[in-house]
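Take a look at the structure below.
The values are calculated or read from the model by the stated rules, or taken from the named source; none is laboratory data. For clarity, every value in this text was computed on a predicted model and none was experimentally measured. Neighbour counts are summed over all protein chains in view; Cβ atoms, including those assigned to glycine, are modelled from backbone coordinates with ideal geometry.
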Amino acid sequence: MDNMMILLLAAGASRRMGKTKQLLPWNETSLIEHQLKTLLTTGLKVHVVLGAFAKEIQPQIEDLPITISMNPNWEKGMGNSLAFGVQQIIEKNKHIDGILIALVDQPLLTTAHFKKLINTFTPGQNQIICSKSDEGWSGPPIIFDSFYVNELMQQDGDDGAKNLTKKYTDVVTFVHLGVFMEDADTPEALRELRKY
């Protein structure tokens with residue numbers, strides 16, 4: 001699956017956390033370094049989008065074998081950073097099979113979880129591979145076939161690409177990742193995740 005790219009969204013201002021979430025400690029490193037190193041072990045190329053706190057974050061990750069882009073309009077929400085990141089990927093990689101979209105604040109996810117999604121994906125079938133929790137909610141990490149690139153580049157606002165999973169329900173395949181999908185949006189949530 002060499003023609004799949006990973007897009008890590010790390011541009012948010014962490015308002016609910018009250019501090020720079022990307023640089024919070026996790027297992028002797030930071031959340032963003034932990035997530036990037038996990039993603040790199042899949043063997044795929046990783047592109048990360050920064051926005052808020054980019055000047056503080058970039059020096060911590062620029063030595064990793066990744067591509068970094070700064071979204072000047074990150075304040076417009078996750079959808080805008082998603083569209084920006086996909087556009088950056090397509091400008092540099094004309095022929096891709098799909099894009100795996102990951103978030104910076106899901107530190108329980110392992111290489112095996114990402115590979116489970118990747119191994120469920122078949123290029124050229126217009127698939128969307130979406131993660132599902134124990135409670136039944138679904139979301140990232142998520143893989144979009146390259147068929148959806150143009151629509152991904154039109155996203156905006158705070159909802160990421162939820163509208164596409166609703167629009168194309170007949171081609172969405174759910175992969176159960178359970179509790180490992182939980183994100184660290186607040187200090188309380190991060191404390192709970194550290195118990196694992």
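Is there any pair with a first residue in the stretch 164-179 that is without any contact (Cβ under 8 Å) to a residue 40 or more places away in the chain and a second that is in a helix (DSSP H, G or I) whose Cβ atoms are under 8 Å apart and which are 6 or more apart or on different chains, and what are they?
These pairs meet every condition: Leu164/Tyr148; Leu164/Glu151; Leu164/Leu152.
Given the condition surrounded by fewer than 16 Cβ atoms within 10 Å (Cβ to Cβ) and outside any strand (DSSP E or B), answer yes or no: does some residue in the stretch 28-36 qualify?
Going residue by residue through the stretch 28-36, those that are surrounded by fewer than 16 Cβ atoms within 10 Å (Cβ to Cβ) are 28-29.
Adding the requirement that they be outside any strand (DSSP E or B) leaves 28.
Yes: one or more hits.
State whether one or more residues within the stretch 128-149 are over 17 Å from the mean Cα position of the chain (by Cα) and surrounded by 14 or more Cβ atoms within 10 Å (Cβ to Cβ).
yes
How many residues are of a type in the set (D, E, K, R) and within 30 Å of Thr20 (Cβ to Cβ) when one looks only at the stretch 96-115? Give the steps one after another, and end with the answer.
Let us first name the residues in the stretch 96-115 that are of a type in the set (D, E, K, R), namely 97, 105, 115.
Pick out the ones that are also within 30 Å of Thr20 (Cβ to Cβ) and you get 105, 115.
The number of residues fulfilling the criteria is 2.
Take the residues in the stretch 59-107 that are without any contact (Cβ under 8 Å) to a residue 12 or more places away in the chain and in a helix (DSSP H, G or I), then tell me which one is nearest to Lys45 (Cα to Cα).
Result: Glu91.
Restricting to the stretch 28-66, and then to whatever is acidic (Asp, Glu) and closer than 20 Å to Ile89 by Cα, can you tell me which residue is modelled with the highest pLDDT?
Asp63
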